[in-house]
Amino acid sequence: MRKITVNASRQYEIIISRDIIKNAGEFVAGVHKKCKAMIISDSNVFPLYCSTVKKSLEENGFESFTFCFEAGEERKNISTLNDIWNALAQNQFTRSDLIVALGGGVCGDISGFAAASYLRGIEFVQIPTSLLAMTDSSVGGKTAIDLEYGKNLVGAFWQPSLVLCDPNVLDTLSKHYYSDGMAEVIKYGMINRPMLLESLEGDFDIEDIIEICAQDKREIVEADEHDNAARKLLNFGHTFGHSIEKLSDFTITHGFAVAMGMKIITKACENMNLCEKGAYEKLCTILAKFALDNNTTYSAGAIADAAMLDKKTSGERISLVIPTKTGCCELFDTTKSELLKFTQAGLE
Ligand SMILES: NC(=O)c1ccc[n+]([C@@H]2O[C@H](COP(=O)([O-])OP(=O)(O)OC[C@H]3O[C@@H](n4cnc5c(N)ncnc54)[C@H](O)[C@@H]3O)[C@@H](O)[C@H]2O)c1
Ligand SMILES: [Zn+2]
């Protein structure tokens with residue numbers, strides 16, 4: 001069993017262990033007194049793992065309730081959130097009760113925001129089931145829902161009380177979403193972990209990979225819980241990745257779009273002599289190993305325009321995350337109008 005302690009505004013543990021969901025209740029009991037627990041899950045994960053978690057919670061004295069929503073990013077919205085709030089209220093959840101988010105990043109984000117907002121805040125536990133959720137979204141306390149105008153536009157910083165990662169549940173994750181999550185893992189390697197990239201090139205144990213990524217996320221969150229400086233490095237590949245996601249009307253999933261975004265910015269930086277030669281080729285080789293070798297069909301102009309319109313980029317200046325060599329990124333302050341130069345150089 002591997003344990004990582006996160007010292008954010010709330011202190012909590014990330015526990016990584018095969019089969020841990022069978023004993024989820026025992027671990028939850030270690031951080032929260034017996035109470036009502038609402039297990040929230042999506043329509044893919046619910047039939048696979050909900051009964052295991054429910055049984056374990058009940059064996060450990062929790063009164064458990066369940067809420068299942070249809071899987072998909074489209075459901076990370078106010079309507080699902082409203083249904084969750086009502087389910088909590090209908091079952092008379094009080095401030096001392098608990099939410100258990102059992103699922104991927106969509107489930108974690110919406111359940112976390114329900115926890116942050118219901119009765120002005122109740123505790124929640126994350127049981128991430130996708131690779132992306134285990135390595136990234138379940139740690140750090142960013143919670144959100146989407147609006148029709150864009151993703152994650154309404155949310156709160158609200159830390160979980162516990163994160164339980166069971167790598168065995170990845171056996172049922174589709175190949176597509178395994179690759180999708182791997183894009184974010186490769187991102188951690190590119191930002192500051194060249195050794196992680198080397199591990200990925202050979203045979204590796206996914207538990208080690210989850211631990212390394214969770215450690216990295218912990219360090220970044222501890223240094224910058226509210227996303228002002230250091231945490232911005234996690235946006236490597238995301239400026240243009242988000243543009244590609246949007247241009248595809250979200251038919252290209254997040255990880256695949258980020259993979260394309262990382263390729264564009266890395267190639268651009270090499271061409272503009274901001275990054276050591278060879279980083280682009282190395283990145284492409286690792287991405288290809290995990291079936292992330294698609295190239296974008298969108299033009300440099302379309303991608304730059306979409307990035308400029310991004311509601312999250314305020315003012316005329318933008319802070320881009322650029323690689324300087326394999327396994328090393330830094331922030332680079334530029335103007336929005338320079339974005340086109342980067343996309344052009346990245347798609348040459
Ligand atoms: N809060 C953060 O810091 C943060 C960081 C990165 C991403 N995110 C958010 O995370 C979301 C993406 O997360 P995601 O890729 O996990 O998406 P997701 O939750 O939609 O999961 C992907 C798919 O895999 C299925 N699934 C998940 N676990 C499974 C399992 N073990 N077996 C079978 N199927 C399984 C889901 O039902 C879904 O169809 C986005 O909404 C993004 O905005 C948040
Ligand atoms: Zn991401």
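No lab work stands behind these numbers, since they all come straight from the coordinates. The model shown is predicted, which means the values in this text are computed figures rather than measured ones. Note that each Cβ is placed from the backbone with ideal geometry, even for glycine, and that neighbours are counted across all protein chains shown.
So the values come out like this:
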| read-out | value |
| --- | --- |
| The chain, relative contact order [Cα under 8 Å, separation at least 6], % | 15 percent |
| In the range 26-116, trypsin sites (Lys or Arg not before Pro) in a DSSP loop with at most 11 other beta-carbon atoms within 10 Å | LYS33, ARG95 |
| Average Cα contact separation per residue, the range 115-161, under 8 Å, 6 or more apart, as relative contact order % | 37 percent |
| Ranked list, fewest to most other Cβ atoms within 10 Å of each Cβ, for HIS242, HIS32, HIS226 | HIS226, HIS32, HIS242 |
| Proxy reagent accessibility, fewest Cβ within 10 Å first, across THR129, THR80 | THR80, THR129 |
| Cα long-axis angle, helix 300-309 against the chain (0 to 90 degrees, to the nearest 10) | 50 degrees |
| Helix 78-90 vs. the chain, principal-axis angle (Cα, 0 to 90°, nearest 10) | 20 degrees |
| ASN168-SER319 FRET efficiency (beta carbon distance; Förster radius 35 Å; 0.05 resolution) | 0.35 |
| GluC sites (Glu not before Pro) within the range 68-154: DSSP coil, no more than 16 neighbouring Cβ in 10 Å | GLU70, GLU148 |
| Folded to 0 to 90 degrees: helix 254-271 orientation relative to the chain principal axis, Cα | 30 degrees |
| The range 273-328 versus the range 107-125: alpha-carbon centroid distance in Å | 33 Å |
| Exposure proxy ranking, count of Cβ atoms within 10 Å, fewest first, for MET308, MET195, MET134 | MET195, MET308, MET134 |
| Counting DSSP beta bridges with both ends in the range 1-151, the antiparallel % (nearest 5) | 30 percent |
| Contact order normalised by residue count of the range 175-346, Cα under 8 Å, 6+ apart, percent | 29 percent |
